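The values are calculated or read from the model by the stated rules, or taken from the named source; none is laboratory data. The structure presented is a predicted model; accordingly, all values stated were derived computationally and were not measured. When we count neighbours, we look across all protein chains shown, and the Cβ atoms used for this are built from the backbone with ideal geometry, even at glycine.
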């Protein structure tokens, strides 16, 4: 497939689906040729933009269009069925986070990909955020010394969440931890190491959201006691998104808001220096990596197993918070 344009079916054309669709327009050697959405008008509108065919269900798309891969951007409870159908047809799968709404469903997806010999990538876009990639290189080069502590906050007001599937436990699998902190957990595993222990406190500030949490703090640690703090909320009045890593020889901060510069400092430096910010945005980088892996140009750097571990760790956090 190395000299082939990857033919992709987009499953789900809502908010994140539209983000993916726009990103494919900036990706080499891939084309969205079919779009599925349960809302036929949504599917048609997106398909017109992409020059693709529109469908209302996945099976119909698979019967009528030749594909190499699918990109799943539906709500989480629909991920498993869509992924299994695609894998039965020998298609590679890029799946939005969380990989599934429950660990068992995520395990089925990982197992099916292994059995069918297809690629399964979890859409953890933050790994492809240029300052995060620069931070990873700093850590691997030993510039920060022994990494001891990680801190991440993805928090801010999510207006109207109580009216959307994000707060429906049956669909989403949980609240802000499942929606947002799967990214945080993946960043900890990517930058620091595998999670061995989990502690958590959760809170529901807005009772209108039903059964799920809207605010949480999670403590993560590795087997050798490197530590991480994850802060998440849908209700804080002022959002502030940041990733911080501290080592024995230096520290780094990745800021996601305009006006704050991502930067690092080591014991050898006189002052803070900017982290590299150049490169494609994280969604384009993520999708380009998936395309390159499907075309045999690279190995997947973020897999279905990474998505499974994030869901498992969120469920460990829920157990810790209630136990």
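Region 11-81 holds strands (runs of 3 or more DSSP E) entirely within its bounds, and those carrying 2 or more residues that are without any contact (Cβ under 8 Å) to a residue 60 or more places away in the chain and surrounded by 19 or more Cβ atoms within 10 Å (Cβ to Cβ) map to 30-36, 53-55.
Select from region 301-321 the residues that are crowded, with 19+ Cβ neighbours inside 10 Å and closer than 22 Å to residue 87 by Cβ and list them in ascending order. Of everything in region 301-321, those that are crowded, with 19+ Cβ neighbours inside 10 Å and closer than 22 Å to residue 87 by Cβ turn out to be 302, 303, 304, 306, 307, 308, 309, 310, 311. Residue 199 passes every criterion in (1) crowded, with 19+ Cβ neighbours inside 10 Å; (2) part of a strand (DSSP E or B); (3) touching a helix residue (DSSP H, G or I) at 6+ places or on another chain (Cβ under 8 Å) apart from (1). Just one of the listed residues (144, 120) is touching a residue at least 24 places away in the same chain (Cβ under 8 Å) and assigned by TED's automatic domain parsing to the domain that holds residue 70, namely 120.
Name the single residue, out of those in region 101-114 being more than 25 Å from residue 175 (Cβ to Cβ) and touching a residue at least 24 places away in the same chain (Cβ under 8 Å), that is farthest from the chain's Cα centre (by Cα). Looking at the filtered set, the residue picked out is 112.
This table checks each residue for (1) part of a helix (DSSP H, G or I); (2) modelled with pLDDT under 95; (3) under 26 Å from residue 175 (Cα atoms).
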position: 218; (1), (2), (3): no, no, yes
position: 223; (1), (2), (3): no, no, no
position: 251; (1), (2), (3): no, no, no
position: 254; (1), (2), (3): no, no, yes
position: 276; (1), (2), (3): no, yes, no
position: 293; (1), (2), (3): yes, no, no
position: 312; (1), (2), (3): yes, no, yes
